Amino acid sequence: MSSQDNSEENPPQQQDDADGGVLATRDNPFANPGLPPHEHRVQDIDERAAKRSERVVAGLFTLSMLSTIGFIASYVAFPVDKIVYVFPIGHVSALNLSLGLTLGLALFCIGAGAIHWARTLMTDVEVPEERHDIEATPEVREELLAGFQDGVRESDLGRRKLVRNTLIGAMAMVPLTGLVLLRDLGPMPGTMLRHTKWAKGKMLINENTHEPLRPEDIAVGSLTFAMPEGLSEEDHDFNNQIAKAALMIVRLQPENIKDKRELDWSHEGIVAFSKICTHVGCPISLYEQQTHHVLCPCHQSTFDLTDGGRVIFGPAGHALPQLRITVNDKGYLEAMGDFAEPVGPAYWERG
Amino acid sequence: MSTATDTRRKKAPAGERVADWADSRLGIYSLAKANMRKIFPDHWSFMLGEVCLYSFIIIILTGVYLTMFFNPSMGEIVYDGPYVPMQGIRMSEAYASTLDISFEVRGGLLIRQIHHWAALIFVGSMFVHMMRVFFTGAYRKPREMNWVFGFLLLVLGLFTGLTGYSLPDDLLSGTGVRFTQGAILSVPLVGTYLSMFLFGGEFPGHDFVGRFYSIHILLLPGIMLGLVVAHLIMVFLHKHTHWAGPGKTNTNVVGTPFLPVYMGKAGGFFFLVFGVIAAIAAVATINPVWAIGPYRPDQVSTGAQPDWYLGFAEGLIRVMPGWEIDAWGHTLVLGVFIPLVIFPLVLLAIAVYPFIESWATGDTRNHHLLDRPRNTPTRTGFGVAWITTYLTMLIAGGNDLWATHFHLSINGITWFSRIAFFVLPVVSFIVTKRICLGLQRRDKEKVLHGRESGIIKRLPHGEFIEVHEPLSQDQLHTLTAHDQYQPLELEPEVDENGVARKPTRSEKLRVKLSKGLYGEDNQIAKPTVEEYKEITSSHGHH
Ligand code: HEM
Ligand code: FES
């Protein structure tokens, strides 16, 4: 038998009424038999059990009170910097632990008590309540629509087109004021993202020692971080500048450098690349000495520093920009200009 | 001389007098009369919405406390507080005040941790609550609006979480903000402008903490509060759905009254949730901002991870190949932009499913009885596929962690995730649907042949059979109460009057969808009374 027949017996449109009234009939073993009789709980028939429930609930509420007192006591007793060792959590703040546990217990016991009360002592007789459609009756609907039309007619909106059209115009335009006000949220980008603090003749300053770097400071197999001369951590815009200017320097064997331009822009095998990942801008921090690959810890983009900073793995879309360097007459490493292309994540105007 | 009413008034207890006072000014009695004894059905899955509500309240309470101490400023200072490892380090006032809350304000750390844990639980419970509404079809008419409101709450919850996470201006959150900014930059045409306007200039600038702060504590929670209230009013208005069963119909609601039972249970449950979260915050550290230090754009820590609910976006961005198209002096950063678009699209997919379903069925009836997930295999399959997509990307978001913990190749994991993103949802869809159909078949068996009793009987001629106990009428009704849709058919190309009409494309699509949902392979026809009678009477002849 197909369900087609079934649905014809019981077309959806009539289901609502059918469901509402049907009780068990002999003809239809699937009919709704109606609410089953209420099954009594122990507490409903045995007053001793009910008393026990009452004691449990009261006990929980009392425990909550004690816990609150414990909370206040902990607040007063433990200094804010006291660290204790608690197995198995480890070294933790005594104050945080005691406040949290006493507060947790004080709240939990109120909850557990209330729920136990509701479950064992309050009625558990399930009762039905009729549902009513929330939509209005046709009469109410008619009445409302008529009223609405009266209102519209009395406003004269339909007849006086000029009022209507200018109103629409005014309402459409007034939000522009808000939009205009947003203009000063920030500057126009201009070419800001193309330039960094690097310029011809700026020395490479070691980020750790704050000293200018000499070629001999760059050891084989280590990653050195540098910033441009003249930038100081005290500067108001230090973070903005370092977000673009951060540099990493490694020493390679010149014969290992596969990219011709990279070799030209290096100094005795020392190459300087932007430290800012070209994916979404995390600083690159991991360096693999054998392969001269650097890895961004955020999404694992990997760049080959012997091959023009090419991406060899990961979600980054283009090579790391290289900074052209040389040595000045005092023997310090210096930049021969700014980066030739924007550093960091790509953007629409980058090109 | 005192009048009769005066004496009554004097005798009335104080509480009642206050209520009378309020009623004659606000009309609260009529409002309360309609709702005080309202019937609420009971089922564990109906508590999930309550968990959302309670964690939301906890977040607001603890959040207000935090605003008393947090200083949303990116002005720089040198730390001289009690936390030794940070002394002498330059940092923003936002970060320093977060350290103060953690180390100087008594109980400040606890409230911070409750706030963060409650936020994680809030978003988590919204997901689970949404899935329960989804799998049971509770979103059907008349509750579609409430589905949409709920969905908006989920989306706003994600953004509130993201902005809140960024406020302490520590190294971890700053890395997350950088990620956000890099993603914004990838938007074609306007990305650079959006970034400049959001950050007040170049990244990081000095504005974002203050701006995120007002978004996080005022704008988004304000909207959410309004939506939550509307959401709950609608639950009252529609009355809660309930499961089919004896005595329960599409036109009634069976349960216990709001006052006192539901109030006792629900009110108690609030304290339970609060208590558990407080205890978690006591023993489990969350977001230890002091561990790695203040944000600097040129520093990073390994293993940076967003809060779990954004792990999906993290995964998408990790597994996406780095496509970039340079042409005509512009760059289309597909490698970042595509994940940025997929994220809302995936969220949207589940949000619009109810509307696609109701279009395919053309059903305009009210539905107050919940569906058992097995009885709607396509819907259930879709829901599971959706969850699978989410989880796959969540796992991909931790590809470095999997690689280091299990000594796997990160390349391998990435490729696995890429393939899984396309394959696993399909597989899980098919498998789920099969399971649902299997369960439907089993229900049908049970209805027609009874429940396996586990008792083996030997028939006179030596055959062994298992005795099947017939189901009670309660059970019979419960297992057959659902209605089954018939798939739509295309109208004949020539109608009764002999006029040819071509079905439109949307009609064709609708028929296809309807077949996919309710066609032959997509549901098992439920047993009919005739089938049942035939079988039971033939049993009698044995
Ligand atoms: C701030 C977040 C939320 C809060 C506080 C909240 C709260 C609640 C509560 C207390 C209920 C009644 C109990 C229950 O059925 O669980 C409910 C029902 C409902 N919720 Fe939510 N919810 C939230 C988010 C969501 C989300 C994300 C969705 C779906 C996208 C959703 C859709 C619904 C629907 C359709 C109902 C009616 C269910 C029925 O009558 O069976 N809600 N909500
Ligand atoms: S930011 Fe470097 S890989 Fe994403």
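The orientation-averaged projected area of the convex hull spanned by the Cα atoms of the protein assembly as shown comes to 58.1 nm². Using the average count of surrounding beta-carbon atoms within 10 Å as a protection proxy, the listed peptides A:162-174, B:466-478 rank, highest first, as B:466-478, A:162-174.
Considering only DSSP beta bridges where both residues belong to the protein assembly as shown, give the percentage that are antiparallel (nearest 5). Antiparallel: roughly 95 percent of the beta bridges in the protein assembly as shown. Need one word for segment B:13-164: rounded, prolate or oblate. Basis is the Cα gyration tensor (sqrt eigenvalues a ≥ b ≥ c); a/c below 1.5 gives rounded, then a/b vs b/c decides. Judged from the Cα gyration tensor, segment B:13-164 comes out oblate (a/c at least 1.5, b/c at or above a/b). Residue separation of B:PHE422 and B:LEU345 scaled by 0.36 nm, minus their Cα-Cα distance, works out to 26.2 nm of gained length.
Based on the convex hull around the alpha carbon atoms, segment A:57-138 presents an average projected area of 10.5 nm². Take the Cα of B:LYS502, step 7 Å toward its Cβ, do the same at B:MET68, and the gap between the two points is 7.2 nm.
Taking 4.7 Å between beta carbons as the limit, the unpaired Cys residues of chain A are A:CYS109. Dipole magnitude for the protein assembly as shown: computed about the Cα centre from +1 point charges on Lys and Arg Cβ and -1 point charges on Asp and Glu Cβ, it is near 1160 debye. Over what distance in Å are the Cα centres of segment B:96-170 and segment B:305-373 separated? Taking the Cα centre of each part, segment B:96-170 and segment B:305-373 sit 20 Å apart.
This model, with +1 at the C-beta of Lys and Arg and -1 at the C-beta of Asp and Glu, gives segment B:129-226 a dipole about its Cα centre of some 600 debye. For B:GLU489 and B:SER453, the difference between the fully extended length at 0.36 nm per residue and the C-alpha to C-alpha distance is 8.7 nm. Placing unit charges on the Cβ atoms only, positive for Lys and Arg and negative for Asp and Glu, gives segment A:195-350 a dipole magnitude near 360 debye about its Cα centre.
Orientation-averaged projection of segment A:12-120 equals 14.1 nm² [convex hull of Cα atoms, one quarter of hull surface area].
Under the simplified labelling scheme, the B:GLU534-A:GLU39 pair shows an inter-label distance of 3.6 nm, with each label point 7 Å from Cα along Cα→Cβ. Summarising the label geometry, the points placed 7 Å from Cα in the beta-carbon direction at A:HIS195 and A:THR62 lie 7.8 nm from one another. For the pair B:LEU156 and B:ILE28 in one chain, pulling the backbone fully straight at 0.36 nm per residue adds 42.9 nm over the alpha carbon distance. Would you please give the FRET efficiency between A:ILE312 and A:MET336, computed as 1/(1 + (r/R0)^6) with r the Cβ-Cβ distance and R0 = 30 Å, to the nearest 0.05? It comes to 0.65. The 3J(HN,Hα) values that the Karplus relation (6.51, -1.76, 1.60; θ = phi - 60°) gives for segment A:314-322 are, in residue order, x, x, 5, x, 8, 5, 6, x, 9 Hz. Gly and Pro appear as x. Distant-in-sequence amide contacts of B:TRP243, defined by a placed amide H-H separation under 5 Å and a gap of 5 or more residues or a different chain, comprise B:LEU370. Think of the protein assembly as shown as having a plus end and a minus end, set by charges on the Cβ of Lys, Arg, Asp and Glu; of A:ALA226, B:GLY381, B:GLN181, B:GLY381 sits farthest toward the positive end of this dipole. The loop-placed GluC sites (Glu not before Pro) in segment A:208-245, going by DSSP, that have at most 15 neighbouring Cβ atoms within 10 Å of their Cβ come out as A:GLU233, A:GLU234. If R0 is 56 Å, the Cβ-Cβ spacing of A:ASP150 and B:LEU391 corresponds to a FRET efficiency of close to 0.45. For segment B:261-357, chymotrypsin sites (Phe, Trp or Tyr not before Pro) are listed when DSSP marks them as loop and at most 13 other Cβ atoms sit within 10 Å of their Cβ; the list is B:TRP328.
The calculated FRET efficiency for the pair B:VAL84 and A:ARG159, based on their C-beta separation and a Förster distance of 56 Å, comes to about 0.10. Annotation note: trypsin sites (Lys or Arg not before Pro) in segment B:465-542 located in DSSP loop regions with a Cβ neighbour count of at most 14 within 10 Å are B:ARG501.
In chain B, taking the dipole from charged Cβ atoms about the Cα centre, the farthest positive-side position among B:GLN484, B:LEU218, B:TYR193 is held by B:GLN484. Across the alpha-carbon atoms of segment B:301-397, the computed radius of gyration and Dmax are 18.4, 59 angstrom.
Based on the alpha-carbon gyration tensor of segment B:299-348 and its eigenvalue square roots a ≥ b ≥ c, which shape applies: rounded if a/c is under 1.5, prolate if not and a/b is larger than b/c, or oblate? The shape class here is oblate.
For the listed residue pairs A:LYS202/A:LYS275; B:LYS141/B:LYS526; B:LYS141/B:LYS239; A:LYS197/A:LYS275, the alpha carbons are over 19 angstrom apart in B:LYS141/B:LYS526. Taking amide hydrogens as placed 1.01 Å from N in the peptide plane, the amide H of A:ARG214 sits under 5 Å from those of A:LEU333, each at least 5 positions away in sequence or on another chain. Listed by chain and number, the aspartates and glutamates whose alpha-carbon sits under 12 Å from that of B:LYS515, ignoring those within fewer than 8 places in the same chain, are B:GLU357, B:GLU489. Ranking B:PRO470, B:ILE455, B:GLY519 by Cα position along the charge dipole of segment B:447-538, where only Lys, Arg, Asp and Glu carry charges on their C-beta atoms, puts B:GLY519 farthest toward the positive end.
Based on the Kirkwood approach, the hydrodynamic radius assigned to segment A:195-350 is 15.3 Å, with every pair of different Cα atoms included. Let a ≥ b ≥ c be the square roots of the eigenvalues of the Cα gyration tensor of segment B:36-371; is it rounded (a/c under 1.5), or, if not, prolate (a/b larger than b/c) or oblate? Cα axes put segment B:36-371 in the oblate bin. Taken residue by residue and averaged, Cβ atoms of other chains lying within 10 Å of the Cβ of B:113-119 number 1. Over what distance in Å are the Cα centres of segment A:172-203 and segment A:45-95 separated? Segment A:172-203 and segment A:45-95 have Cα centres separated by 56 Å.
Since every read-out is calculated from the coordinates, none of them should be taken as a lab result. These numbers were taken from a predicted model, which means no experiment stands behind them. No Cβ is skipped: glycine too gets one built from the backbone with ideal geometry, and neighbour counts run over all protein chains shown.
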